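I have placed the structure first, in the form of structure tokens, so that the comments after it can refer back to it.
The values are calculated or read from the model by the stated rules, or taken from the named source; none is laboratory data. These numbers come from a predicted model, not from an experiment. Don't worry about glycine lacking a Cβ; one is built from the backbone with ideal geometry, like all the others, and counts go over all protein chains shown. Surface areas here come from the heavy atoms of the whole protein model, side chains and all, with no ligands, DNA or RNA. Shrake-Rupley method; radii C 1.70, N 1.55, O 1.52, S 1.80 Å.
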Amino acid sequence: MVRVSSLLGNWAESLHLSQVETACWRASGYLHDALREDDPEILRAKVPSRFRNWLPDMLHGPAVTEKLRSEGVLDDELLSAIAYHSVGHKCLNRLGRALYSADFLEPGRKFRVKWCESLRARMPGELNEVTTEIVADRISYTIKHGLELYYESVGFWNALVNSR
Ligand SMILES: [Fe+2]
């Protein structure tokens, strides 16, 4: 979470975002996985019904969003970014796309290291292009392995290609 937050903070500074927005980007990195270690079946009972059919590994995002909302956080962009950081959603704009990508690209991941490095080097200037490449990769993986696609992920893909 610290690495994701620091990557997002660097990107926000490169984009010359305001101090408040930069703090929000950093906060999304710290908070998005806050409940990842909690029992998914307990989380499932706490999230709105539209998330209840999600796989166990995906429930922590919506659960963090509900907790933040119950504690008075009203920033829809931040809340959506966290809720959909594992799956994507057509509503994700700059912060949501950045969190989705930072979670995938954070330097601690030992997964396709060279490719991730090359994508990181293009951020944040090519945010939409890089996010599109990551979503394409994840959707291809899902199809290749015969897994179910989330309609939210397909909506995210369509939103990205339509914003070119
Ligand atoms: Fe996560």
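Details
- Selection from segment 23-47 of residues that are within 11 Å of the ligand (Cβ to nearest atom) and of a type in the set (A, V, I, L, M, F, W, C): LEU31, ALA34, LEU35
- Residue-level analysis places GLY125 outside the set of residues that are within 16 Å of the ligand (Cβ to nearest atom) and of a type in the set (Gly, Ala, Ser).
- With respect to (1) open to solvent by 60 Å² or more (accessible area, probe 1.4 Å); (2) within 12 Å of the ligand (Cβ to nearest atom), the lone exception for ARG50 is condition (2).
- Among the conditions (1) touching a residue at least 12 places away in the same chain (Cβ under 8 Å); (2) closer than 23 Å to ARG36 by Cβ; (3) surrounded by fewer than 19 Cβ atoms within 10 Å (Cβ to Cβ); (4) among the charged types (D, E, K, R), GLU133 misses just one, which is (2).
- Of all residues in segment 1-22, those satisfying the criterion of being open to solvent by 60 Å² or more (accessible area, probe 1.4 Å) and either aliphatic (A, V, I, L, M) or within 16 Å of the ligand (Cβ to nearest atom) (or both) are MET1, VAL2, ARG3, VAL20.
- Counted residues, segment 77-100 - those being touching a Leu at 6+ places or on another chain (Cβ under 7 Å), open to solvent by less than 20 Å² (accessible area, probe 1.4 Å) and away from the ligand (no atom under 11 Å from the Cβ): 5
- For segment 23-34, the tally of residues that are surrounded by fewer than 17 Cβ atoms within 10 Å (Cβ to Cβ), assigned to a helix (DSSP H, G or I) and aliphatic (A, V, I, L, M) stands at 1.
- Scope segment 101-114; condition modelled with pLDDT of 95 or more and either open to solvent by less than 10 Å² (accessible area, probe 1.4 Å) or within 13 Å of the ligand (Cβ to nearest atom) (or both); matching residues: SER101, ALA102, ASP103, PHE104, LEU105
- Some residue of segment 58-66 being more than 17 Å from TRP25 (Cβ to Cβ) and surrounded by fewer than 22 Cβ atoms within 10 Å (Cβ to Cβ): yes
- Condition met for GLU152 (over 20 Å from MET1 (Cβ atoms), open to solvent by less than 70 Å² (accessible area, probe 1.4 Å) and not aromatic (Phe, Trp, Tyr)): yes
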